Amino acid sequence: MNKRDDARVPFQLHKTVVLVGMMGAGKTAVGTALARQLSVPFRDSDHALEAAANRTIAEIFSRDGETFFRARETQVIGRLLQDDPAILSTGGGAFMSESNRQMISQRGVSVWLSADLKLLWSRVRHKDSRPLLRTADPLGTLSELFEARVPIYEQADLKVQSAAGFTIEDMVDRVIAALLERPDVLTGP
């Protein structure tokens, strides 16, 4: 029997779980399913920022620039971390900020959804909603971002490795297993 089969014993989330990782790592998809499985709210810092600005992330980048976006992103993450424990998906660059990492560490737990470059590229290459990939060489740009960000993502509290054959449910099970190793974060069946 897997954890999802035993709905009689509820999980107890004690801290907000902040999903970090590259664009295409599955933070939103896995986060939504994880929140549902743990019966807690799902929050997305990019969506909260878009709602507050009444503009898309791409529009904010285009109109106000990345520096402005990153400052608003930090404010939004701080606000979302003040709420009751939940699953929080962040944008790929959010964890690059030292102040964001400290804030996440103090108020929650970071979980890096790690995926290799080939898998990430297969997931993002046909999407035009990624402002950082609007370049002449989007794969080259993704590769540069990957190389720069992985050493920072390695600072996350927990790492959950993804693979091409994993379903969203597989990843949810893997994240739950990692979280259960931290009773200060999650207890349950």
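A few notes on this one:
- Filtered residues of region 132-149 (kept if hydroxyl-bearing (Ser, Thr, Tyr) and surrounded by 14 or more Cβ atoms within 10 Å (Cβ to Cβ)): THR141, SER143
- Test for VAL185: is it under 20 Å from THR32 (Cβ atoms) and modelled with pLDDT under 95: no
- In region 8-32, the residues that are in a helix (DSSP H, G or I) and crowded, with 20+ Cβ neighbours inside 10 Å: LYS27, VAL30, GLY31
- The helices (runs of 4 or more DSSP H) located wholly in region 52-167 that include 1 or more residues which are closer than 26 Å to THR187 by Cβ and either more than 17 Å from the chain's Cα centre (by Cα) or of a type in the set (A, V, I, L, M) (or both) occupy 57-81, 98-107.
- Any hit, region 150-168, residues being in contact (Cβ under 8 Å) with a residue 12 or more places away in the chain, more than 14 Å from LEU19 (Cβ to Cβ), buried (at least 16 other Cβ atoms within 10 Å of the Cβ) and not small (Gly, Ala, Ser): yes
- Residue list for region 40-51, restricted to those being closer than 15 Å to GLY93 by Cα and not in a helix (DSSP H, G or I): ASP44
- Count of region 168-189 residues, restricted to those that are out of contact with any Leu (no Cβ under 6 Å at 6 or more places or on another chain) and part of a loop (DSSP other than H, G, I, E, B), is 6.
The values are calculated or read from the model by the stated rules, or taken from the named source; none is laboratory data. Predicted model only: the values in this text are computed from it and were never measured. Please note: Cβ atoms are built from the backbone with ideal geometry, for glycine as well, and neighbour counts cover all protein chains shown.
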